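Throughout, read-outs are computed from the coordinates displayed, never taken from laboratory work. Quick caveat, the model's predicted, so the values are computed rather than measured. A quick note on method: Cβ atoms are made from the backbone with ideal geometry, for glycine too, and the neighbour counts reach across all protein chains shown.
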Amino acid sequence: MTFYRNTRIEYWQSRQHSALQRAFQQSPKRHSLSRGDRELPKPKFRSDLLAVNSFSRRIWGEVLSRELSRLFCDGGDGTTHNQDLYFVSLMDITCAWSPEDRLTDADLEVIKNRLRHGLREFSCFGMVEPAYYVNLQQGVRYDGKRSLFWHLHALVWGVSHKELKKRLRKLVKAGRYAAIADGLDATHTRKIKQGRLPTHSAYILKSPCKTYRVSVRDREDELGRPITNADGIVLQQFKQGKADLRHGDRIMIFHAMKHLHLDRLAVAGGQGAKLLKTAKRVALKDETGRHRRVTRTDDTAWATQEAPKMPQIKPAFAPDFVNTMRWALDAASDRVPATSRTPATKAKMAQRIVRSAHEGITDAQLLVAAVVAEGMAPAQ
C-alpha cells in the first residue's frame with residue numbers, strides 16, 4: 001500500500017463524481033447548467049485542477065500524497081510519521097458569503113490571508129473550502145438563511161501543541177477568529193496519531209459533501225436539567241448539525257466553485273511553501289509534460305490548447321512594503337465596526353490601501369488611518 005492508497009481519495013472522489021452526475025440528471029436545478037458546465041467534471045479537464053472535477057482532485061491528491069510521504073514518512077505509506085503534526089481548522093465570520101455571490105481571485109486572496117493569519121511563522125499546508133449552511137437561525141452572526149462559510153483545514157508542524165493552542169486562543173479572544181454562532185468553536189487543533197496522517201490529509205483535500213444547520217436549543221447540565229439564569233429564564237445555546245448534500249445543494253456548490261482551481265485554494269507557509277511549490281509544478285503538467293490551464297471562452301466552449309505564456313511583469317511594490325500593506329489592512333480590519341467586517345468591505349479596504357500606496361503613502365500608520373476611514377462605510 002502507498003500513502004495515496006491509504007488516503008482512499010480514489011474511492012471518495014469516485015463517489016462524489018457519481019453523486020454530481022446524479023444531481024446533473026435529477027435535480028430541479030439542473031436547468032441552471034449550461035452545456036459548458038456539464039463538460040467541466042469530465043476527465044478531459046483533469047489536468048486543469050478544477051475544484052469541481054473529481055479527476056483533478058485525484059491528481060492533486062496523489063501529487064500531494066507523494067510530497068507528504070517524502071517529507072513526513074521517509075517515502076512510506078503513512079503508518080508512521082517522523083515528527084509531531086497537528087490537524088488545524090480555522091474559521092472566521094468575515095469569510096461567510098452569500099451563495100449567490102461569485103468569489104473573485106481578489107476575494108479568495110482576502111479569505112486565505114484572513115484564515116492563515118494564525119499560522120504565520122509556522123510550517124503548514126492546507127486548503128480552504130466552503131461549508132454550506134442551509135438553515136441559519138436568528139441570532140447567528142450572519143444575516144441570511146443560507147451561507148457559504150469559507151474555512152481552512154491545515155497540517156501544522158515545527159511548533160509545540162501548547163504554543164499552537166495558546167496562539168489560537170489569543171487570536172480568538174482578540175476577535176481574529178469568530179464562529180458563525182456563539183457557542184461554536186472558531187478554531188480546532190488535534191495532534192495527529194501515528195498511522196492517521198493519510199486520513200487527515202484526505203480530509204484536507206476532500207470536496208464539500210455536507211450541508212450544515214444551526215439551530216437553537218435549551219442549555220442543559222450534566223444530568224439533562226435545564227440551566228436557568230437568576231430570573232429563572234432557561235438559557236439557550238446554538239447547536240450545529242450536518243447532513244449529506246442533496247442534489248440541489250450539490251449544484252449550488254458546483255456553481256460557486258466551478259471557476260476555482262485546487263492549487264489556488266491551497267495555503268502554505270514555512271516548509272509547506274516548498275511542498276506546495278513542488279506539488280503545483282508537478283500537478284499542472286499534462287501527459288506531455290507541458291504546463292496547462294483551461295480558460296473559459298464562452299458559455300458552451302472551452303479552450304483545450306496550451307495557454308499562451310504571459311510576459312514577466314515586475315511587482316509594483318517591494319516585498320517589504322507589501323508586508324507593510326498587509327499588516328496595515330489587518331490592523332485596520334480590527335478597528336472598523338463589526339457590521340463592516342464583511343468580505344466585500346474588506347475587498348474595498350484592500351483597494352484603498354493599493355490606491356494610497358500608488359499615491360505615495362508609505363507610512364504604516366497613515367495607511368491604517370486611510371483604510372479605517374474606507375471601512376467605516378460598508379460596501380453595498
| task | Arrange Met376, Met325, Met1, Met127 by Cβ neighbour counts within 10 Å, fewest through most, would you? | result | Met1, Met376, Met325, Met127
| message | Residue by residue through the range 192-205, what is 3J(HN,Hα) from phi via Karplus (6.51 cos²θ - 1.76 cosθ + 1.60, θ = phi - 60°)? Round to whole Hz and write x for glycine and proline. | response | 7, 6, 4, x, 9, 4, x, 5, 5, 5, 4, 5, 4, 8
| task | Calculate one ³J(HN,Hα) per residue across the range 8-18 by plugging θ = phi - 60° into the Karplus curve 6.51 cos²θ - 1.76 cosθ + 1.60, and present them in order as whole Hz with x for glycine and proline. | result | 6, 4, 4, 5, 5, 6, 5, 5, 5, 5, 5
| field | In sequence order, calculated HN-Hα J values of the range 66-79 (Karplus, 6.51, -1.76, 1.60; Hz; x Gly/Pro) | value | 5, 5, 5, 4, 5, 6, 10, 10, 6, x, x, 8, x, 5
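Are there any trypsin sites (Lys or Arg not before Pro) in the range 140-202 that are in a DSSP loop and have at most 15 other Cβ atoms within 10 Å? List them by number. Display every interim value, and only then the final one.
Details: sites: Arg141, Lys145, Arg146, Lys162, Lys165, Lys166, Arg167, Arg169, Lys170, Lys173, Arg176, Arg190, Lys191, Lys193, Arg196; in loops: Arg141, Lys145, Arg146, Arg176, Lys193, Arg196.
Those satisfying the criteria are Lys145, Lys193.
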| Gaussian network model of the chain, Cα within-10 Å springs - most flexible of Phe149, Phe72, Phe321 | Phe321
| remark: At the level of C-alpha centres, the distance separating the range 333-380 and the range 64-130, in angstrom, is 26
| field | Among His17, His188, His31: highest mean-square fluctuation, GNM of the chain, C-alpha pairs under 10 Å | value | His31
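Based on DSSP loop calls and a cut-off of at most 16 other Cβ atoms within 10 Å, the longest stretch of the chain free of exposed GluC sites (Glu not before Pro) is what? Mind showing how you got there, number by number?
Details: sites that count: Glu100, Glu121, Glu222, Glu287, Glu306, Glu359.
Between the exposed loop sites, the longest stretch runs 122-221.
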| remark: A student applying the Cα gyration tensor rule (rounded when a/c is under 1.5; otherwise prolate if a/b is larger than b/c, oblate if not) would label the chain rounded
| request: Go ahead and estimate [θ] at 222 nm for the chain from helices alone: -39,500 (n - 2.57) per DSSP H run with n ≥ 4, summed, over the residue count, rounded to 500. | output: -12000 deg cm²/dmol
| said: For a quick check, take a GNM of the chain with Cα springs below 10 Å and name the residue from Asp101, Asp48, Asp37 with the largest mean-square fluctuation. | reply: Asp101
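Charges only on Cβ, +1 for Lys and Arg, -1 for Asp and Glu: so what's the dipole of the range 319-375 about the Cα centre, in debye to the nearest 20? Show your work: numbers first, answer last.
Working: 7 positive and 6 negative charges, 53 e Å.
That gives the range 319-375 a dipole magnitude of about 260 debye.
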| Given +1 on the Cβ of Lys and Arg, -1 on the Cβ of Asp and Glu, and no further charges, what dipole in debye does the range 72-149 carry about its Cα centre, rounded to the nearest 20? | 340
| remark: Between Ala131 and residues 5 or more places away or on another chain, the pairs with built amide H atoms under 5 Å apart involve Phe149, Trp150, His151
